[in-house]
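I have placed the structure first, in the form of structure tokens, so that the comments after it can refer back to it.
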Amino acid sequence: MQIDDHLPTPQQEPPASQALFLDPTQRNRPLPRSTILVSATPRNGIGCRGKVPWQTRSLGQFHHRVITGPETSDRSDLNTVMMSNGEWKRSTASDWGDVRSVVVSRDQAARNISDTSTVVNSITSALDRIPWTPAKIFVVGGAWLFEEALTRDLVDRIIITRILDPTYDDCDAFLPDFHSIRELDPALWRRASHAELCGHVGFQVEPGIVEEDGVRYEHEMWIKV
Ligand SMILES: NC(=O)c1ccc[n+]([C@@H]2O[C@H](COP(=O)([O-])OP(=O)(O)OC[C@H]3O[C@@H](n4cnc5c(N)ncnc54)[C@H](OP(=O)(O)O)[C@@H]3O)[C@@H](O)[C@H]2O)c1
């Protein structure tokens, strides 16, 4: 078991209820903002019966590359990937590559799940410990973690692979509609250009609609304005 080895030693872990309601304005520094990295249908479906129903060769590679960053990036300044206990169990370390991984779980037993990741009991607790560096922070799901990050205003960018066809109408897990969450003005999120997406991830992303393994999809990036 290895808890918090990759992050600076925190002060005592607050109980979950307290951690979830910490006021960022009362901190010494604002909480860093994160990027949601997700694939979703036009109705924001992200999963079905505990699985992601679309599996294409390059989608996993795309997520891996976005998370790890360009080959040229400074490896002493690792990106962070935050995920639910469920997502951690579904994945393997190689899915994430050379990054800090943080599992968010209220379950004390989850502290035994891994030798290589940090386990925290809330997303604010995770963000509060991440060193203040230019490295990126990604939230990769699932549904509850996306909702926590969005409703707590902890996200300023969303990289979403829109699964256009099939429509996967039997999805039972959803990304919240970030355009209307908290009844915010829909203009709050701006769709970035393809050039902005490539510039941000640091590699050439395939433009337009991609068709692969019977799935049509398109990569989008949204920025909070
Ligand atoms: N398309 C995509 O990009 C993508 C990405 C990730 C996942 N998915 C899919 O999304 C679906 C759901 O994934 P997931 O199981 O990782 O879901 P999730 O909704 O993020 O995580 C579930 C966990 O969140 C915690 N939780 C749930 N409700 C809570 C609450 N009210 N308060 C505090 N903690 C709460 C619980 O964990 P603890 O008991 O450990 O606290 C629960 O086990 C699956 O079908 C998955 O394949 C899709």
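Each reported figure results from applying straightforward, stated rules to the coordinates on display, with no laboratory input. Remember, predicted model here, so these are calculated numbers, not experimental data. Note: ideal-geometry Cβ built from the backbone for every residue, glycine included; neighbour counts use all protein chains shown.
Data overview
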read-out	value
Label-zone membership for the stretch 35-70, site T133, 7 angstrom Cα→C-beta point, backbone N under 20 Å	35-36, 64-70
Convex hull volume of the stretch 28-224 per residue (C-alpha atoms, cubic angstrom)	127
Residues of type lysines that K89 reaches as a straight line, Cα spacing below 20 Å, ignoring anything fewer than 8 places off in the same chain	K51
D107-R57 FRET efficiency (beta carbon distance; Förster radius 45 Å; 0.05 resolution)	0.85
Rg/Rg_ref, the stretch 138-202, where Rg_ref = 2.2 N^0.38 Å and atoms are Cα	1.22
